[in-house]
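The values are calculated or read from the model by the stated rules, or taken from the named source; none is laboratory data. Note that the structure is a prediction, hence the values are computed from the model and not measured. Every residue, glycine as well, gets a Cβ built from its backbone with ideal geometry; the counts of neighbours run over all protein chains shown. The protein model used for the area step is the full one, side chains on, heavy atoms only, and it has no ligands, DNA or RNA in it. Shrake-Rupley method; radii C 1.70, N 1.55, O 1.52, S 1.80 Å.
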Amino acid sequence: MSLDEMIRMAFASLAANKTRAFLTMVGIWIGVASILAIVAIGNGGKAMVIGAISSGSERNVIQIVPRELVAPGLPQPGQVLSIDDSDLAIAASFSGVEAVNETFYGTAVVESGDKSDNVTLFAGPSDLNDLARFLVVRGRMFTAEDVLSHRNVAVISQSLANKLFGSGNPLGAVITLSGVPLEVVGVAQPEQASLYSFVMGSDNLYIPDTTCEDIFPNWTASEMDVVVKPGVDVSSLANRIVLALNIHAGDPSAFVDSSGLLASVSALVGKVTTILTAVIGAVAGIALVVGGVGVMNIMLVSVTERTQEIGIRVSLGAKKRDIITQFLVESMTITSLGGLAGIATGIAVSVGLRALTGIPASVPWPVGALSFVFSAVIGVICGLYPAVKAANLNPIDALRYE
Amino acid sequence: MIRLVGVTKSYRVGDQVIPVLKGIDLEVGRGEFVTIMGPSGSGKSTLMHIVGLLDRPTSGDYELNGQPVLHLPSNHLARLRNQNIGFVFQNFHLIPRMSALRNVELPMVYAGVPRARRRDRAMELLEKVGMANRAHHLPNELSGGQRQRVAIARALANDPAVLLADEPTGALDQQTGAEILRLLQDLNASGRTVMVITHDPHVARAGRRILHMVDGEIVREEVRDESR
Ligand SMILES: Nc1ncnc2c1ncn2[C@@H]1O[C@H](COP(=O)(O)OP(=O)(O)OP(=O)(O)O)[C@@H](O)[C@H]1O
Ligand SMILES: [Mg+2]
C-alpha cells in the first residue's frame, strides 16, 4: 500500500470523528507551543541581557584595574593596590596608545544643608561619562578645562539629586565633600542596563580627578584608562599592556583588563540563561508527554471501536503490517498536525512578544524543525502499542465482534 | 481446487477442550457450487473460515490449487486471501463511514492496484451488481439487499477464484434473498467456485452438492442432478 494511500485513509478515518481528533491534537499542540514559546523567550532574553551587559564595550578605551578591585566589590580609600605614575608611564610607552588617564573610585559622604548621603565617588577625566557609563541628563558634564583647573565641580546621579534636593533644582547648588564645597553642574543617569548600573550603586558622585587628588591626596588611582588610537587591535594591545604591568609589579595577576571581565560575565549570564531555558522547557515538555498519553489513549479506544473494521480488513487481505501502518499513520497524523499548530503558535507568540516588549524573541528554525520531527516521533511511540494490538487481533473474533 | 483432509478444530475453554470440527474431508472442484447446511453451532462458519484462510485448523491438511497452504506465514496467507478468496457475510460487514465505492476498492488497495484503475474496476463491479447509482452512498444509507450487493461486488474486486458466502441471504427477505442468490449463481456460471452456508433449503438447492453438517462432521452429502 502506498504512502499517499495510507495518509488518505488516515485523514478519512480522522475526519469521521473530527472533534475527537481535534481534541487529541490539542494536547500536542499546547505542548509544542509552550516549549517553543519558552525557547523563544529564553533566547530573546539572553540576547537582550548579553547585549545590555556588553553594550559599549566596543570602545577604543582599555580599562585596566588592579586585581584586588575585582573580587570583593568596592574598595575603601587606600585599600586598593595602587596604580602609580610608573604604571601610567609603562602604558603610555606603547605605540598605538593615544592617552592614559586615571580614574578613582571610592565611597564617601556628601552633605547638603542638613542632609547627607553615602555615595560612590567616581573621579576621572572629562570623558568619565564614557568610562563609567552614564549620561548627563540635565546641566553639563565637567569639561577638560574644569579638570585642568582643578575646579570644584560635580555631576551627581539622579537618585542622589532626589535625596539631597527632592524636587528642587540641583543645578548650581553647593554640596560638601569632606569639608570641600562643590558646585553641582550636571545630573546623570546610568546608561540603560549596563553592567555598571548592576554593580555600582545608584547614588553616585562624579568629579574631576584633579579635584579628587586635591581633596584626598592619599588616594591612588583605581583604574587606568588607556585610550587607543583608531585602527589598533584593542584586545591584543590590552593583553600586552597588562602583561607589561604585571611584570613590572612582579605579580602575574596584579592587573586585569576589566573589559575582558565584562566578556566573561556576559558568557556566564548566557550560560545561566541557557540552563534556565532548558529547565523551564523540560517542565513544558511534561505537557507534551501528557498530550502523548492522550493520543495513546484515544488510539486504544479507536482500536476497540473499530475491532470489526479490522476483522473485515484482514478478511479482505490486509497484512499485519498494513493494519499497524494504518494506525501508526493515524496517530502520526494527529501528532504532526498538533506539532504544526504548536510551531505556528510558538512563532506567533515570539512575534507578538517582540512587537509588545521589544525582547528579541525568536524560534530558531532548527528548533522548529526538530519539534516537528519530534511530534511525529511521539505519534509513532504512542501509536505503536495500539497499532500492534490491532494487528494482533484474531480476525475471527474481530469479525464476530458486535 | 479446495482439498481438506482430516481437518479438525478445537477450542480450549478453561481446561476443557471443545472439538468444533471433527475430521472434515472435503474436495471442491473448480467452478462448483456447494452449499452447506446444518444446525446452529455445527461448525459451518468455522469450516468456512478455515477454507478462507482466516483461521488455521488444529490438525489436518489443506491444499488450495494443489498447493499445501497451512505451513505458510500469515503475510503469505493474507496475499492468498486477497487474491483468491472473496467473502460475503450475513451482516454484510461493509466498513461504515466508507462509501460503497471505497468499500469495493479496499481489496484492490491491499493488492496495490493503482488508484485510477481501482476506481474504474470498482465502478464496473458496482454496475455489475446493479449498484452503480449508489456508488457514493454510505452503507447506512443502503437497504440490506443493496448492502449485500455491494459486499458481493467487493468480494469480486480482485477477481478471486473462490467465493465464500456465510448465510448471505440470512438477513434479507425472501425476494431480495432470491435476487442475491441469482447473482451468486450467475457468478458461478461464469466459472467461479462458490460455497454458500445457509439455513434455507431453497437456497441450498441452488447448489449441485449439498453438504449436511452435524456436530462438526459432514454427515451426508446430497448430489442433485444437473436439471433444476
Ligand atoms: N473462540 C471460541 N471459543 C470457544 N468456542 C468457540 C469459539 N468460536 C466458536 N466456538 C464454538 O464452535 C462451535 C461452532 O461455531 P460456528 O460459528 O462454526 O457454528 P455455525 O455452524 O456457523 O453456527 P450458526 O449456524 O449459528 O452460525 C460453536 O459451538 C461455538 O460455540
Ligand atoms: Mg455461522
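Could you tell me which numbered condition B:ASP25 fails, if it satisfies all but one of (1) away from ligand 2 (no atom under 16 Å from the Cβ); (2) of a type in the set (Asp, Glu); (3) under 21 Å from A:ALA391 (Cβ atoms)?
Single failed check for B:ASP25: (3).
Which residues, taken from the range B:81-97, are facing chain A (nearest Cβ under 7 Å) and aliphatic (A, V, I, L, M)?
If we filter the range B:81-97 for residues that are facing chain A (nearest Cβ under 7 Å), which is where we start, we get B:81-82, B:87, B:93, B:95, B:97.
Once the filter is applied, which keeps residues that are facing chain A (nearest Cβ under 7 Å) and aliphatic (A, V, I, L, M), the range B:81-97 yields only B:ILE95.
Kindly provide the set of residues from the range A:193-208 that are in contact with a helix residue (DSSP H, G or I) (Cβ under 7 Å, 6 or more places away or on another chain) and either surrounded by fewer than 21 Cβ atoms within 10 Å (Cβ to Cβ) or at pLDDT 90 or above (or both), ordered by number.
A:ALA193, A:SER194, A:SER202, A:ASP203, A:LEU205, A:TYR206, A:PRO208
With the condition kept exactly as written, say whether any residue in the range B:111-126 is closer than 27 Å to B:SER45 by Cβ and either within 13 Å of chain A (Cβ to nearest Cβ) or surrounded by fewer than 19 Cβ atoms within 10 Å (Cβ to Cβ) (or both).
yes
Mind telling me which of the residues B:GLY23, B:GLY41, B:GLY31 ends up being open to solvent by less than 60 Å² (accessible area, probe 1.4 Å), modelled with pLDDT under 95, closer than 18 Å to B:VAL219 by Cα and not β-branched (Val, Ile, Thr)? Give the derivation first.
Details: B:GLY41 fails: open to solvent by less than 60 Å² (accessible area, probe 1.4 Å); B:GLY31 fails: closer than 18 Å to B:VAL219 by Cα.
B:GLY23 is the lone residue from the list that is open to solvent by less than 60 Å² (accessible area, probe 1.4 Å), modelled with pLDDT under 95, closer than 18 Å to B:VAL219 by Cα and not β-branched (Val, Ile, Thr).
Out of the residues in the range B:2-27 that are of a type outside the set (D, E, K, R) and touching a Lys or Arg at 6+ places or on another chain (Cβ under 8 Å), which is farthest from B:MET213 (Cα to Cα)? Give the steps one after another, and end with the answer.
Step one: list which residues in the range B:2-27 are of a type outside the set (D, E, K, R), which gives B:2, B:4-8, B:10-11, B:13-14, B:16-21, B:23-24, B:26.
Now drop any that are not touching a Lys or Arg at 6+ places or on another chain (Cβ under 8 Å), which leaves B:8, B:18-21, B:26.
Values: B:THR8: 14, B:ILE18: 17, B:PRO19: 14, B:VAL20: 11, B:LEU21: 10, B:LEU26: 12 Å.
Per the criteria, the residue is B:ILE18.
Taking the residues in the range B:59-80 that are in a loop (DSSP other than H, G, I, E, B) and within 14 Å of another protein chain (Cβ to nearest Cβ) as candidates, determine which candidate is farthest from ligand 2 (Cβ to nearest atom). Walk me through how you get there before you give the answer.
Filtering the range B:59-80 for residues in a loop (DSSP other than H, G, I, E, B) gives B:65-66, B:69-73.
Filter once more, keeping what is within 14 Å of another protein chain (Cβ to nearest Cβ): B:72-73.
Details: B:LEU72: 25, B:PRO73: 27 Å.
Step by step, filter the range B:59-80, then rank; the result is B:PRO73.
Of everything in the range A:381-402, what is over 22 Å from B:HIS93 (Cβ atoms), more than 36 Å from the chain's Cα centre (by Cα) and open to solvent by 20 Å² or more (accessible area, probe 1.4 Å)? Give them in sequence order.
Correct list: A:LEU384, A:TYR385, A:VAL388.
Please go through the range B:2-22 and pick out each residue that is more than 27 Å from B:LEU181 (Cβ to Cβ) and within 15 Å of ligand 2 (Cβ to nearest atom).
Passing the criteria: B:LYS9, B:TYR11, B:VAL20.
Yes or no: A:ILE334 assigned to a helix (DSSP H, G or I), of a type in the set (Val, Ile, Thr), open to solvent by less than 50 Å² (accessible area, probe 1.4 Å) and closer than 27 Å to A:GLU5 by Cβ? Lay out the reasoning, then the answer.
Details: assigned to a helix (DSSP H, G or I): yes; of a type in the set (Val, Ile, Thr): yes; open to solvent by less than 50 Å² (accessible area, probe 1.4 Å): yes; closer than 27 Å to A:GLU5 by Cβ: yes.
Yes.
Take the range B:98-110 and flag every residue that is assigned to a helix (DSSP H, G or I) and either open to solvent by 10 Å² or more (accessible area, probe 1.4 Å) or more than 7 Å from chain A (Cβ to nearest Cβ) (or both).
Here is the first cut: in the range B:98-110, the residues assigned to a helix (DSSP H, G or I) are B:100-110.
Listed by number, the residues that qualify are B:ALA100, B:LEU101, B:ARG102, B:ASN103, B:VAL104, B:GLU105, B:MET108, B:TYR110.
Scan (1) of a type outside the set (A, V, I, L, M, F, W, C); (2) at the interface with chain B (Cβ under 8 Å from one of its Cβ atoms); (3) open to solvent by less than 40 Å² (accessible area, probe 1.4 Å); (4) closer than 16 Å to B:MET98 by Cα for the single condition A:THR307 breaks and write down its number.
So the condition that A:THR307 fails would be (2).
Taking the residues in the range B:28-47 that are within 14 Å of chain A (Cβ to nearest Cβ), within 14 Å of the chain's Cα centre (by Cα) and closer than 14 Å to B:HIS212 by Cα as candidates, determine which candidate is farthest from ligand 2 (Cβ to nearest atom).
B:LEU47
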